[in-house]
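The values are calculated or read from the model by the stated rules, or taken from the named source; none is laboratory data. Here the structure is a predicted model, which is why all the values come from computation and not from measurement. All Cβ positions, glycine included, derive from the backbone under ideal geometry; neighbour counts span all protein chains shown. Areas reflect the complete protein model, heavy atoms only, side chains present, ligands, DNA and RNA absent. Shrake-Rupley method; radii C 1.70, N 1.55, O 1.52, S 1.80 Å.
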There are 2 protein chains.
Amino acid sequence: MQEKKQIAILGSTGSIGTQALDVIQQHADLYEVYCLTANNRVELLAEQARRFHPAAVVIANEAHYEMLKDMLRDEPVKVYAGSDALCQIVQAGPVDMVLTAMVGFAGLPPTISAIQAGKKICLANKETLVVAGELICHLAKEYHCPILPVDSEHSAIFQSLVGEDDNEIEKILLTASGGPFRLKSEEEMQTVTKTDALRHPTWDMGAKITIDSATMMNKGFEVIEAKWLFGVSAEQIEVLVHPQSIVHSAVQFRDGSVKAQLGVPDMRMPIQYAFSFPNRLHLNSQRLDLFTKPLEFFKPDMNRFRCLALAFEALKQGGNMSCVMNAANEVVNRAFLDDRITFPQIATVIEQTMQRATFDAAPDYDVYLASDAEARRIAEELIIKNR
Amino acid sequence: MQEKKQIAILGSTGSIGTQALDVIQQHADLYEVYCLTANNRVELLAEQARRFHPAAVVIANEAHYEMLKDMLRDEPVKVYAGSDALCQIVQAGPVDMVLTAMVGFAGLPPTISAIQAGKKICLANKETLVVAGELICHLAKEYHCPILPVDSEHSAIFQSLVGEDDNEIEKILLTASGGPFRLKSEEEMQTVTKTDALRHPTWDMGAKITIDSATMMNKGFEVIEAKWLFGVSAEQIEVLVHPQSIVHSAVQFRDGSVKAQLGVPDMRMPIQYAFSFPNRLHLNSQRLDLFTKPLEFFKPDMNRFRCLALAFEALKQGGNMSCVMNAANEVVNRAFLDDRITFPQIATVIEQTMQRATFDAAPDYDVYLASDAEARRIAEELIIKNR
């Protein structure tokens, strides 16, 4: 009998994390939870631990340690706290795969630790490749560490590339729902609210990524991720607004043939595929019905969605620029959710931060850390000045 | 340096044959024509021979032998005639691949010969698998002979399955343009003419297959072919009318994920892929533009397109039933092109032939030959009676 694969889920209380647990539950004969982690949601983390019996749990915010420890006092589970514990737990011997489902720059250090321990990475944290794509790809090669994308778009590209090993990519067709403001005029977009932005038409996700979808910064991130995951240039990536979110993305080869992956919008599909690759397991999900609505594709409007243009710009400049962009975005995203800035100010502050931050053409890890800190400081200053 | 692959093209003067020659011309460093064959078009065959310098040419209709011989008297090419010569030439030592691009039941014997000689088959003749799918699959296995589909739909399915070796197919989504009568009412379809039927909306093909597309018998054939090529049941194949002919077909796996192949309608793409698999070569063709029109999908109307329902019925009955159906269809197709029957009579005569012909649940090659002859006779009698 095959041994069960041991999975560490970083960010188990978020949208991806909870759906990953659903997948694991559907295939309890194949997968086991080794470790669950969360940032602040102690109660849900404790509840998950009681249900899935991991060997360990980690709460990143150390302030919650005692509470979590107390909640799990009757469970045979080790309880840790802090970001160093995250980096250590992913390296534990029994761990076969690490699902990096936490949000933001914080995903970078434990992902690097997991790569260095040769663990299979199921990559759901977008910022890892946005911030430090070159470094991560370099390390993955050095440690022979497979990186399986969990994003529905990159999973679609990955699935389209299976068995095409020697066949060059001519173009990547990266689809985008267009978010809640797809049909809004530039004028209307001046006054949209947080509530408007949080109402995503097709995907039910966490708040940070939902705002990133409304600005299309999320799509910008995915452009940068695609560059690193699939070794293409910015010119080879085309974004297609596809409001139905059925074609999750596609690859065009040099014979003109295009391969695409389609499905209902259900994140459990790419999560499970990352776990089970190269095999596919049955998934108890809705099946695609192509008869309900036509599939439409539009060019994105880079004037209304300036964040997407900024991401292409960051990719072209290279070096630490997308790290700077990401840091600024994390700050303005939070500020928008806290009602400190308006929707149009999001792109403005990011752009200005990119202009002011120190550029480094060949950053190492320490430069990324410094750039991240500097960009956050600049963005914060700009927000205060703009009030 | 890699030796050039030697290709035998059966039916080089037809639509697929001439496009195959265009592909070979684009990659003259990789491919060479070993043999060209035609049924009746002597002049074009001679012209092709002068341009591509094959080792041999075969004219299937022996009446044209002297004329062809004379036309090529100054060329260093062997000239043969007759259907036995077809079967022999595909077995010639230097031949690496055989493109079976002739029309009708006549494609069966040389395809079997090529399989028995272990040649790679680039299968464009639909009737081969419709008539004798079970036999062909059995032989291909016995002689370790790869069969690469050239039909755009089956090539799309094949491309979607690359690298998915161990992953079960849950469903095949077989797309259909719907032909020229997609939007006609049942009443209007009573009076459509040959000229109407020959006006296909998206594909430029030979007359026989264009009529088969108008009745959707062509799609019925493809359902049967898909069953044999991909080892699925009739219930696992769903036909989707997709008027834009962009999604060439798709496969649904058991995780609900759907993989599809898309492209402009250009038969050179699947022809070249069959030649170059598993590699892809550059193809000087138009690239897909998804922005021009939405992609629509409709359920086919089995009442208006009775031929499609008959094909599903033949597949369910098994044995020699699809051989009978194919023979009847070849007769009525010809009769319709000769203005001997009306459009609605096509399905009626086929259905009646299927009811009257001798059923054999486990046919061998001789039974196929006898069934084919009997069904042709019955169909011909029904046509005469109906006049």
Point to revise | Failed item in (1) closer than 30 Å to A:Val324 by Cβ; (2) not in a helix (DSSP H, G or I), with A:Ala92 passing the rest | key: (1)
Exercise for review: Looking only at segment A:32-53, decide whether some residue is of a type in the set (Asp, Glu) and assigned to a loop (DSSP other than H, G, I, E, B).
Suggested key: no
Practice item. Kindly provide the set of residues from segment B:7-36 that are within 16 Å of B:Met269 (Cα to Cα), surrounded by 23 or more Cβ atoms within 10 Å (Cβ to Cβ) and within 16 Å of the chain's Cα centre (by Cα), ordered by number. Key: B:Ile16, B:Gly17, B:Ala20
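Can we say A:Lys171 is open to solvent by 40 Å² or more (accessible area, probe 1.4 Å) and away from chain B (no Cβ under 14 Å)?
Details: open to solvent by 40 Å² or more (accessible area, probe 1.4 Å): yes; away from chain B (no Cβ under 14 Å): no.
No; evaluated as a whole, the condition is false for this residue.
Pick out the one residue from B:Ala28, B:Ala8 that is more than 14 Å from B:Val77 (Cβ to Cβ) and either in contact with a Lys or Arg (Cβ under 9 Å, 6 or more places away or on another chain) or not in a helix (DSSP H, G or I) (or both).
Numbers: B:Ala8 fails: more than 14 Å from B:Val77 (Cβ to Cβ).
Going through B:Ala28, B:Ala8 in turn, just one is more than 14 Å from B:Val77 (Cβ to Cβ) and either in contact with a Lys or Arg (Cβ under 9 Å, 6 or more places away or on another chain) or not in a helix (DSSP H, G or I) (or both): B:Ala28.
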Revision key, fill the gap. Within segment B:286-315, residues being touching a helix residue (DSSP H, G or I) at 6+ places or on another chain (Cβ under 6 Å) and either without any contact (Cβ under 8 Å) to a residue 40 or more places away in the chain or open to solvent by 70 Å² or more (accessible area, probe 1.4 Å) (or both) number 2
Review point. Out of segment A:349-372, which residues are closer than 29 Å to A:Arg304 by Cα and without any contact (Cβ under 8 Å) to a residue 12 or more places away in the chain?
Key: A:Gln355
Review point. From the set of residues in segment A:152-186 that are within 20 Å of A:Pro201 (Cα to Cα) and of a type in the set (Asp, Glu), which is modelled with the lowest pLDDT?
Key: A:Glu186
Check your understanding: Filtering segment A:136-168 down to residues that are under 27 Å from B:Gly263 (Cα atoms) and β-branched (Val, Ile, Thr), which residue is nearest to the other protein chains (Cβ to nearest Cβ)?
Key -> A:Val162
Revision key, fill the gap. If we ask which residues in segment A:272-324 are not in a loop (DSSP other than H, G, I, E, B) and not charged (D, E, K, R), their number turns out to be 20
Point to revise | Residue, nearest to the other protein chains (Cβ to nearest Cβ), within segment A:263-285, restricted to residues that are buried (at least 21 other Cβ atoms within 10 Å of the Cβ) and within 17 Å of B:Gly163 (Cβ to Cβ) | key: A:Arg280
Check your understanding: Would you say A:Asn329 is touching a Phe, Trp or Tyr at 6+ places or on another chain (Cβ under 8 Å), modelled with pLDDT of 95 or more, among the polar types (S, T, N, Q) and over 30 Å from B:Val241 (Cβ atoms)?
Key -> no
Practice item. Would you check if A:Ser213 is part of a helix (DSSP H, G or I) and under 16 Å from the mean Cα position of the chain (by Cα)? Key: yes
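One line per residue, one yes/no per condition, for (1) in contact (Cβ under 8 Å) with a residue 40 or more places away in the chain; (2) among the basic types (Lys, Arg); (3) surrounded by fewer than 20 Cβ atoms within 10 Å (Cβ to Cβ); (4) within 14 Å of another protein chain (Cβ to nearest Cβ):
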| residue | (1), (2), (3), (4) |
| --- | --- |
| A:Asp204 | yes, no, yes, no |
| A:Ala214 | yes, no, no, no |
| A:Lys219 | yes, yes, no, no |
| A:Glu222 | yes, no, no, no |
| A:Ser233 | no, no, yes, no |
| A:Val241 | yes, no, no, yes |
| A:Phe253 | yes, no, no, yes |
Review point. When residues of segment B:348-370 are filtered for being open to solvent by 10 Å² or more (accessible area, probe 1.4 Å) and part of a helix (DSSP H, G or I), how many remain?
Key: 11
Exercise for review: All but one of (1) aliphatic (A, V, I, L, M); (2) closer than 23 Å to B:Pro109 by Cβ; (3) open to solvent by 50 Å² or more (accessible area, probe 1.4 Å) hold for B:Ile384, so report the exception by its number.
Suggested key: (2)
Review point. Which of (1) over 19 Å from the mean Cα position of the chain (by Cα); (2) within 24 Å of A:Lys293 (Cα to Cα); (3) open to solvent by 10 Å² or more (accessible area, probe 1.4 Å) does A:Ala260 not meet, given it meets every other one?
Key: (3)
